[in-house]
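This report concerns only the one structure given below.
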Amino acid sequence: MDDSYKNQFLKIAHRGASAYEPENTLRSFSKAIKMKADMIEFDIRLSVDERLVVIHDTKVNRTTNGKGYVKEKTLKELKELNAGKGEKIPLLEEVIELAKTKTRFVIELKEYGTEEMVIKLIKENNITDDVFVVSFKKRLIKNIKSLEPRIKTGLIILYTFNPLKIINECNADALAPYHLLVGRQLIKRVKNSGKYLFPWTVNNAREANKLRVMGASGIVTNKPDLC
Ligand code: G3P
Ligand code: CA
């Protein structure tokens, strides 16, 4: 991601255009691209045979017609499930292939042990400049930066008393706070330190506009056509 993006208000499609299509599916990412999302966000987990699959929860229960833990299923078993409207659970490489010439990526790592495989795929696809790797896990973000300093990273937070200290500790380029934590002061401090700030999940046009005026770097939204 080049610096020109620092001056734009980015619409980041959360699990794709997930207000309109089944979350974290190729259908949802295609819809987000049609809606001109600046980036697509999605979640990565490992199957039992160590393939990088795009699914949010630890279990398949909520988003598919199956039952059980993702990490206990093979890719073949996961691919047999219906992830909504007949969609399959995608592999990371399938999402990159679909979207790499059309939009950019916020790749959330839900699990340790995914770092090296994700970096390898990013490099093979020549999308190093077009990616943020983000996580709630500080050590994971730190690992990514030390393995490949050119990849931008972001720390996702639900609450914190000193966010700047924490993002500096893990050398992250961005902070992604829960939207209700975000006020003028936080935006100012994060932006003044040269970092990006992406509140999640913002699905209300008035709130999105307020965050834009206050100087947020963008929003993570289920509705990439929001503004
Ligand atoms: O980008 C932040 C957001 O995706 C974190 O929450 O639960 O949707 O992964 P969650
Ligand atoms: Ca996520």
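The values are calculated or read from the model by the stated rules, or taken from the named source; none is laboratory data. Being a predicted model, the structure only gives us computed values, none of them experimental. For neighbour counting, all protein chains shown are included, and Cβ atoms are generated from backbone atoms with ideal geometry for every residue, glycine included. Side chains are part of the model used for accessible areas, which takes the heavy atoms of the whole protein and leaves out ligands, DNA and RNA. Shrake-Rupley method; radii C 1.70, N 1.55, O 1.52, S 1.80 Å.
List of remarks:
- Considered as a group, the residues in region 56-92 that are surrounded by 14 or more Cβ atoms within 10 Å (Cβ to Cβ) and assigned to a helix (DSSP H, G or I) include one that is nearest to the chain's Cα centre (by Cα), and that residue is 92.
- Unique residue being touching a strand residue (DSSP E or B) at 6+ places or on another chain (Cβ under 7 Å) and over 22 Å from residue 133 (Cα atoms) when the list is 84, 16, 68: 68
- Boolean, residue 27 is within 16 Å of ligand 2 (Cβ to nearest atom), over 18 Å from residue 220 (Cβ atoms) and touching a residue at least 24 places away in the same chain (Cβ under 8 Å): no
- Candidates in region 197-215 are the residues that are among the aliphatic types (A, V, I, L, M) and either at positive phi or in contact (Cβ under 8 Å) with a residue 12 or more places away in the chain (or both); of these, the one that is surrounded by the fewest Cβ atoms within 10 Å (Cβ to Cβ) is 205.
- Of everything listed in (1) among the β-branched types (Val, Ile, Thr); (2) within 16 Å of ligand 2 (Cβ to nearest atom); (3) more than 20 Å from residue 224 (Cα to Cα), the single unmet condition for residue 119 is (2).
- Answer from 218, 183, 154, 194 - the residue that is more than 29 Å from residue 19 (Cβ to Cβ) and open to solvent by less than 50 Å² (accessible area, probe 1.4 Å): 194
- When we screen 186, 226, 158, 164 for residues that are out of contact with any strand residue (DSSP E or B) (no Cβ under 6 Å at 6 or more places or on another chain), of a type outside the set (Lys, Arg) and within 25 Å of residue 24 (Cα to Cα), the only hit is 226.
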